[in-house]
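The next block holds one structure in the form of structure tokens; read it before the comments.
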Amino acid sequence: MSKIRIEGRKELTGTIEISGAKNSVVALIPASILCDEQVTISNVPNITDVDALEEILLHLNAKIARTDNTVVINSNNVENKEIPEELSNKLRASYYFMGALLGKFKKVDIYFPGGCVIGERPINLHLAGFESLGAKITEKDNHFIIEAEELNGNNIYLDMPSVGATINIILAATKAKGKTIIENAAQEPEIVNIATFLNSMGAKITGAGTSTITIEGVDYLHSSFHEVIPDRIEAGTYLIIASLLGHKLRLTNLIPSHIESLTSKLKEAGVKMTIGKDYIYIKEPRNYKGINVTTQVYPGFPTDLQQPLVPFLTQCEGESTIEETIWENRFQNIPDTVKMGANITVEDNTIATIKGITPLHGSDVSATDLRGGASLVVCGLIAEGITTIDNTKYILRGYNNIIEKLKNVGASIELIDE
Ligand code: EPU
């Protein structure tokens, strides 16, 4: 079992390049199944979620070639067979094979997806969307058979703007007959990225990035080359680290507008940064004051950044609060943060109150989920002494080369086998 070992309180100087977005590439790869020719995807991060999707593609008999940051996928000989539970439950995004295979073959045989246990994570909106397009669903013990004689466009209103349901309905509707309109659609940049990808193959999708998305079904999708957008959550995580430890630290290859909800909150706390077209630069840390944050769907403050923000708030003068509105169980990092010296109370698993400033000290801690694990890395970087983090698999599923990126700018961090 590997652990991450950090000796904290090192100044960080230099450049960190942001990688392609996990939550974008995990939709683009299953979407490639819909293509009738070959697709090339670049700026692909080297994370274990991508490895898990590659395994599913290989299981389905697709051809996939990975070199550096590029993936070439040819799905011409894909066999539409059952995706077994041991493959589907390796990650959340396996559910995108539902929309993609249903769209291509009008049938999919798959198990419930995996992913971090940060709440109940139902998929009722995905399934209701497939049904609206004409599919029949047979569900038993986590096993789903979703099939249709024919998929026909329809008007679909989402009870909540779910990222996964929006993408899955787009995938299923891309080759359906007629027009599908999704109302109250999610507006995250990952939705725009998947629509741009499918449109580059000949799909007819408009409105992505707004709450109303229209999909005119097409019969054929031709080959395409597509780049994954920069990872806004990775960028945000490093920006939080830079605010605490950056001395002439530059983050490059990011889209600043994608993390405006974070940059505005950090500025409110007192962080000074220079924001360029595709970079953010921090000259030095300063004294910060407490802020209140509520997680919301895009363009609000992302739930995926509230856990990495916690260590920053321990270093702010006075009281800060985080209200989590998306997931029911996203404060699992707090007990270990308290063990490291933080003063935090959590009410109803919904509101965390953080009182600062509290110095943090190194401890043996354990990641419980991806962003909670990233939060503990931030804690370790600012703590006095040595921190070891167990369950690194959660962190490595979503942060490309995190050890090397931090080491390169001066952190004392390594992956150790125990
Ligand atoms: N929801 C339902 N029914 C559904 C779908 C969602 O009730 O059928 C609820 C969820 O329970 C939740 C809310 O709607 O309360 C939002 O869920 P959403 O479907 O938007 O989340 P997701 O698509 O499962 C993606 C990211 C998450 C990120 C959320 C919110 C991927 C693979 N995952 O999940 O990322 O937190 O959107 O932005 O794209 C992460 O990267 O650490 C991560 C968890």
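The values are calculated or read from the model by the stated rules, or taken from the named source; none is laboratory data. In this text, all values refer to a predicted model and were calculated from it rather than measured experimentally. Positions of Cβ are backbone-derived with ideal geometry, glycine not excepted, and every protein chain shown enters the neighbour counts. Ligands, DNA and RNA are stripped out before the accessible areas are found, and what is left, the full protein with its side chains, is counted by its heavy atoms. Shrake-Rupley method; radii C 1.70, N 1.55, O 1.52, S 1.80 Å.
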Margin query: Suppose we keep only residues that are surrounded by fewer than 21 Cβ atoms within 10 Å (Cβ to Cβ) and assigned to a loop (DSSP other than H, G, I, E, B) within the range 89-113. Which one would you say is farthest from the ligand (Cβ to nearest atom)?
Written below: 106
Next item on the list: Please find, within the range 114-144, the residue that is nearest to residue 350 (Cα to Cα) out of those that are away from the ligand (no atom under 12 Å from the Cβ) and part of a loop (DSSP other than H, G, I, E, B).
Entry: 142
Next item on the list: With the condition kept exactly as written, say whether any residue in the range 20-33 is among the basic types (Lys, Arg), in contact with a strand residue (DSSP E or B) (Cβ under 7 Å, 6 or more places away or on another chain) and touching a residue at least 12 places away in the same chain (Cβ under 8 Å).
Entry: no
Note to self: Return the pair list, or none, for Cβ contacts closer than 6 Å from residues in the range 280-301 that are in the same structural domain as residue 270 (by TED's automatic domain parsing) and in contact (Cβ under 8 Å) with a residue 24 or more places away in the chain to residues that are open to solvent by 50 Å² or more (accessible area, probe 1.4 Å) and of a type outside the set (D, E, K, R), at least 6 apart or on different chains.
What the structure shows: 281/274; 284/247; 295/325; 295/326; 298/187
Check: So which of 144, 130 ends up being farther than 22 Å from residue 187 by Cα and either outside the structural domain of residue 192 (by TED's automatic domain parsing) or open to solvent by less than 70 Å² (accessible area, probe 1.4 Å) (or both)?
Finding: 144
Check: Quick one: would you say residue 297 is touching a Phe, Trp or Tyr at 6+ places or on another chain (Cβ under 8 Å) and either within 16 Å of the ligand (Cβ to nearest atom) or within 23 Å of residue 368 (Cβ to Cβ) (or both)?
Finding: no
Next item on the list: May I ask you to list the residues in the range 1-18 that are surrounded by fewer than 24 Cβ atoms within 10 Å (Cβ to Cβ) and part of a loop (DSSP other than H, G, I, E, B)?
Entry: 1, 8, 9, 10, 11
Item checked: Exclusive hit being over 19 Å from residue 19 (Cβ atoms) and crowded, with 16+ Cβ neighbours inside 10 Å, set 61, 69, 80 -> 80
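Residues are listed down the side, and each one gets a yes or a no for (1) at pLDDT 95 or above; (2) of a type in the set (D, E, K, R):
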| residue | (1), (2) |
| --- | --- |
| 1 | no, no |
| 60 | yes, no |
| 82 | yes, yes |
| 100 | yes, no |
| 111 | no, no |
Notebook entry, point to check: When the residues of the range 348-365 are filtered to those that are open to solvent by 50 Å² or more (accessible area, probe 1.4 Å) and modelled with pLDDT under 95, which remaining residue is nearest to the ligand (Cβ to nearest atom)?
Noted result: 349
Note to self: For the structure I just gave you, tell me whether residue 40 is farther than 22 Å from residue 138 by Cα and assigned by TED's automatic domain parsing to the domain that holds residue 280.
What the structure shows: no
Next item on the list: Please find, within the range 162-171, the residue that is surrounded by the most Cβ atoms within 10 Å (Cβ to Cβ) out of those that are closer than 30 Å to residue 392 by Cα and more than 7 Å from the ligand (Cβ to nearest atom).
Entry: 167
Note to self: What's the number of the only condition in (1) of a type outside the set (A, V, I, L, M); (2) under 22 Å from residue 194 (Cα atoms); (3) open to solvent by 60 Å² or more (accessible area, probe 1.4 Å) that residue 54 fails to meet?
What the structure shows: (3)
Checklist line | Residue selected from the range 19-51 under the condition away from the ligand (no atom under 15 Å from the Cβ) and under 30 Å from residue 247 (Cβ atoms), by the criterion most open to solvent (accessible area, probe 1.4 Å) | finding: 46
Notebook entry, point to check: Going by the conditions given, is residue 215 within 16 Å of the ligand (Cβ to nearest atom), closer than 22 Å to residue 131 by Cα and outside any loop (DSSP other than H, G, I, E, B)?
Noted result: no
Margin query: Can you tell me how many residues within the range 147-161 are hydrophobic (A, V, I, L, M, F, W, C) and surrounded by fewer than 18 Cβ atoms within 10 Å (Cβ to Cβ)?
Written below: 1
Note to self: If a residue must be more than 16 Å from the ligand (Cβ to nearest atom) and either under 17 Å from the mean Cα position of the chain (by Cα) or open to solvent by 10 Å² or more (accessible area, probe 1.4 Å) (or both), how many such residues does the range 366-401 contain?
What the structure shows: 8
Next item on the list: Check the range 213-225 and report whether any residue there is touching a residue at least 12 places away in the same chain (Cβ under 8 Å) and under 18 Å from the mean Cα position of the chain (by Cα).
Entry: no
Next item on the list: Please verify whether the range 264-276 includes one or more residues that are hydroxyl-bearing (Ser, Thr, Tyr) and buried (at least 20 other Cβ atoms within 10 Å of the Cβ).
Entry: no
Checklist line | Positions within the range 173-204 being touching a helix residue (DSSP H, G or I) at 6+ places or on another chain (Cβ under 7 Å), within 14 Å of the ligand (Cβ to nearest atom) and in a helix (DSSP H, G or I), in sequence order | finding: 189, 190, 191, 193, 194
